[in-house]
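Below: one structure, written as structure tokens.
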Amino acid sequence: MSEQQLPSWHGTTILAVRKGDQTVIAGDGQVSLGDTVIKGSARKVRRLGDGSVLVGFAGATADAFALFERLESKLEQYPNQLTRACVEMAKDWRTDRYLRRLEAMMAVADTETALVLTGNGDVLEPDDGVIGIGSGGNYALAAARALYDRDDMDAEAIARRAMSIAADICVYTNTNVTLEKL
């Protein structure tokens, strides 16, 4: 089988929601290879640093762990400066020969900021504090934005409902959600 015929990895939905004094990142647990579910309980959301930074990843798992380590060192170098740490990491990711080959995206948030980091050197801050990445990310993002203005829903409730909606639509997303909250 040539590389072009190999089944590709799919299966991540990561959603970050900042609303009021609450910040959450949620991730589903499904990992798929082609049309086969390989694992249903993967943990794609983590706390970094002193626990005040939440990170969710979409992409190759080993690549994500390498990026977690790199971001953790940048957070140590630039304590309480999430944006600066992310910009410095994105510079490394873009220019370092090893890191440049890593295939992942990250949603990163603390109580003040929510950012998307990519291997292209992007550090993007959404206008509304809502981020969706991965194969089901756009579904979760659309659902979260539709629910955001509801007064009866906090960030956690929005994230849980939006992840459920994404799981109903995206075959690469399941309802086994890991959620971290600040």
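At a glance:
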item	result
Residue list for segment 129-153, filter: out of contact with any Phe, Trp or Tyr (no Cβ under 7 Å at 6 or more places or on another chain), outside any helix (DSSP H, G or I) and closer than 30 Å to MET89 by Cβ	GLY129, ILE131, GLY132, ILE133, GLY134, TYR148
Only listed residue being more than 15 Å from GLU180 (Cβ to Cβ), part of a helix (DSSP H, G or I) and among the charged types (D, E, K, R), chosen from GLU156, GLU76	GLU76
Residue match in segment 31-54 (condition: closer than 30 Å to ARG150 by Cβ and assigned to a helix (DSSP H, G or I))	no
Checking MET89 against (1) within 17 Å of the chain's Cα centre (by Cα); (2) surrounded by fewer than 20 Cβ atoms within 10 Å (Cβ to Cβ); (3) part of a helix (DSSP H, G or I); (4) among the hydrophobic types (A, V, I, L, M, F, W, C), the condition it does not meet	(2)
In segment 19-28, the residues that are part of a strand (DSSP E or B) and closer than 11 Å to ASP154 by Cβ	LYS19, GLN22, THR23, VAL24
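Residue-by-condition table, conditions (1) within 15 Å of the chain's Cα centre (by Cα); (2) over 19 Å from LEU54 (Cβ atoms):
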| residue | (1), (2) |
| --- | --- |
| THR95 | no, yes |
| ASP110 | yes, no |
| VAL116 | yes, no |
| GLY119 | yes, yes |
| VAL130 | yes, no |
| ILE133 | yes, no |
| TYR148 | no, no |
| ALA157 | no, no |
| ILE169 | no, yes |
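Every read-out reported here was derived from the displayed coordinates using simple, explicitly stated rules and does not represent laboratory data. Note that the coordinates shown come from a computational prediction; the quantities given were computed from them, not determined experimentally. All Cβ positions, even for glycine, are placed from backbone atoms using ideal geometry, and neighbour counts span all protein chains on display.
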